[in-house]
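Below you'll find the structure, written out as structure tokens, and then a few comments.
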DNA sequence: GGCCTTTAGTAAAACAGTTTACCCGATTTC
DNA sequence: GAAATCGGGTAAACTGTTTTACTAAAGGCC
């Protein structure tokens, strides 16, 4: 009869030591174990193909070494390049630290059953990373001010006390403004993201407008139209812009999808992107490079955003673990707070490549302009 | 001092019963519990906000109620609509049965460390669903003939004994052939998937060719060109086709991405899709509908594929659980085999909406033709 | 040689459930 | 009226780790 999984006791027996010893060796707390014993045990582990049970390991520490990524309930959310890049970043960093990732979709049932709290309570998951959160996700309020490890990725809710991590949207807006101005554009419109619904969309819009103002270029309200972050609405917004102000030479779009919509609008109205109309996007999704003409856009490094979000999560978990269980944890987490300052954290918990040193102030993920061929230079 | 998570013992004490009773109630094995006791306990559970620990629950049964989805190491695999739809299907079905999903990417490190075996061995995961597997994934051989719950989604490896679940590619090929023939096309080319690397790609190609032959339309070898399932190569393949055989009236592409490439090739050569060249795709990804002109394509229902794959996985796990542990399991799994017949399985384990009754023989996921505007009728 | 440190290791108690075998009193059966 | 059955429940063992507190032996010191 085939033996089932070997347990730590099997290893201990076969090596002539106690389970404690094996455990100490596995967890590298082997200060106290002679190297002779250690190598003997390691050999047994190898021979028996012993793998410690995650379930059993997690039981005492109440940790499953698993992080949940929550996506909004959009049709085919998984199939979106924006989420895809962030998830890749999170996954890679988590895997490096031997954490696993689980996926959740914030459907009505998910929210109704408070699954976002339950998966934490039942130890399924150590922390939550929420992608694509908007003001519609009222239930986030439940998590407000809590020491629960929740991180909002790429949005912020000033009204609730939640930890978030963001790309440097103000800088993105400035880069776009500077570039268009430098190329000689003075009549500029903008297709913005859903304003008052997504904090970062407003950050971008305001930074863009303010920077143009600094250059002495005013941009009237009706030249900023909401494109809802999507292709169709983006197209309509751009069409409206071009209709009301035919002498516009450039349009800045709050994301690449809307910029693609603007391409379509331009074509439909007989304008040629890259020759008699300039368009700047924001995201640098793969589609931007393959667009016709290839799109000049502000690259937001979503992969790095994912890595940074995961790093922050792991750091918070490390903190929580390091100062005892239960009681004191709450205060400690409170003190560490929504740690936007990314202060120096205790060594052990900090993973190798946190990118911390390259983060701009306030922990923003850096951005840069990618020049391709959708912007005309109006200079002599 | 705040109490930490309540345990089953807390619930038991507060309700004046034993932990056993609480456990029986939670697990609905409450045949033996009076409804008075049950409601009393349920009330306590509610009051204490008690959630059984997944870790502790899994320990005796060695099950984490978690399934792993493995994706190939393509750049930004998460950002692919094909995978996205399948994952959505798997996720939805799993969530319904209270299973969680974890994500893995089959990178070199993943394979080198045999993580695909380890996550099973260490009880992180109860089963593996592999998406996008190709002949390159030699390590799959490791899993051959094993009773480990591994399911290959949408590919098959005749040389290894692995459980797989597939869309009805032969039917897809026939639908495309019938449609083009019915519209009067007689000079037809094909951009196929990577032949000899992906079993299902060959199924599709062969079915298409054979069906045309049945209609009396022969299709010469050089009119079938490999497009590697991707836009760029698909474009080149189509261009080659149109160059060598200018009087071609129609091209069938093995997936939508290649069809989109074919659109580009046609445009570049001055041909107009939907008027003087007909193109049929295969997949029906969102991009097919928004293409210009909207693409006629064979719809492979990837969401349903995901649901079916997950259902099969859960059924296998149900079987494994139901007949004791360890020893007998292997035989049982063997008997159930690569269960393409989808025979009637023991009741309890079978989830509500398996779609089983609508599956064609051999458990293929059904397909259908979606007529849009990329095919011209040559009939009077 | 006795006392104090180390060193290397261990026993046993958590952790939080499930499961098996059993118990006790009230009916039913014969 | 005694034995068997049944309803309703429980005690205790078990799952596989980690962790705390302890110990036995060896080494250093005077």
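The values are calculated or read from the model by the stated rules, or taken from the named source; none is laboratory data. Not measured: the values here are computed from a predicted model. In this analysis, Cβ positions are derived from the backbone assuming ideal geometry, glycine residues included, and neighbour counts consider all displayed protein chains.
Summary of computed values
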item	result
Selected residue [free of Cβ contacts under 8 Å to residues at least 60 places away in the same chain and at the interface with another protein chain (Cβ under 9 Å from one of its Cβ atoms)] from B:46, B:80	B:80
Those helices (runs of 4 or more DSSP H) lying entirely in segment A:96-213 with at least 1 residues farther than 30 Å from residue A:59 by Cα	A:108-112, A:169-182
Residues that are farther than 21 Å from residue A:117 by Cβ and within 11 Å of DNA strand C (Cβ to nearest atom), drawn from segment B:23-57	B:23, B:24, B:25, B:27, B:28, B:29, B:32
Any pair with Cβ under 6 angstrom, 6 or more apart, that starts in segment B:26-38 at a residue that is in a helix (DSSP H, G or I) and ends at one that is modelled with pLDDT of 90 or more and more than 10 Å from DNA strand C (Cβ to nearest atom)	B:30/B:38
Positions within segment B:1-22 being away from DNA strand C (no atom under 12 Å from the Cβ) and away from chain A (no Cβ under 14 Å), in sequence order	B:14, B:15, B:16
The lone exception for residue A:41 - which of (1) away from chain B (no Cβ under 14 Å); (2) buried (at least 20 other Cβ atoms within 10 Å of the Cβ); (3) near DNA strand D (Cβ under 10 Å from one of its atoms) it fails	(3)
Helices (runs of 4 or more DSSP H) (entirely within segment B:276-380) containing at least 3 residues that are surrounded by fewer than 18 Cβ atoms within 10 Å (Cβ to Cβ) and at pLDDT 50 or above	B:286-290, B:302-322
Flag if residue A:13 is more than 9 Å from DNA strand D (Cβ to nearest atom) and either touching a helix residue (DSSP H, G or I) at 6+ places or on another chain (Cβ under 8 Å) or under 30 Å from residue B:148 (Cβ atoms) (or both)	yes
Subset of segment A:131-144 that is in contact with a helix residue (DSSP H, G or I) (Cβ under 7 Å, 6 or more places away or on another chain) and under 30 Å from residue A:296 (Cβ atoms) - its residue that is farthest from the other protein chains (Cβ to nearest Cβ)	A:133
Residue that is nearest to residue A:16 (Cα to Cα), among those in segment A:44-57 that are surrounded by fewer than 23 Cβ atoms within 10 Å (Cβ to Cβ) and in contact with a helix residue (DSSP H, G or I) (Cβ under 7 Å, 6 or more places away or on another chain)	A:44
Boolean, residue A:267 is more than 21 Å from residue B:80 (Cα to Cα), without any contact (Cβ under 8 Å) to a residue 24 or more places away in the chain, within 14 Å of chain B (Cβ to nearest Cβ) and part of a helix (DSSP H, G or I)	yes
Any hit, segment A:69-77, residues being surrounded by fewer than 20 Cβ atoms within 10 Å (Cβ to Cβ), out of contact with any helix residue (DSSP H, G or I) (no Cβ under 7 Å at 6 or more places or on another chain) and part of a strand (DSSP E or B)	yes
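Each row is one residue, and each column tells you yes or no for (1) buried (at least 17 other Cβ atoms within 10 Å of the Cβ); (2) away from every other protein chain (no Cβ under 11 Å).
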residue: A:63; (1), (2): yes, no
residue: A:88; (1), (2): yes, no
residue: A:93; (1), (2): yes, yes
residue: A:99; (1), (2): yes, no
residue: A:114; (1), (2): no, no
residue: A:118; (1), (2): no, no
residue: A:129; (1), (2): yes, yes
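Residue-wise test of (1) at positive phi; (2) in contact with a helix residue (DSSP H, G or I) (Cβ under 8 Å, 6 or more places away or on another chain).
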position	(1), (2)
B:146	no, no
B:150	no, yes
B:154	yes, yes
B:167	no, yes
B:176	no, yes
B:187	no, no
B:190	no, yes
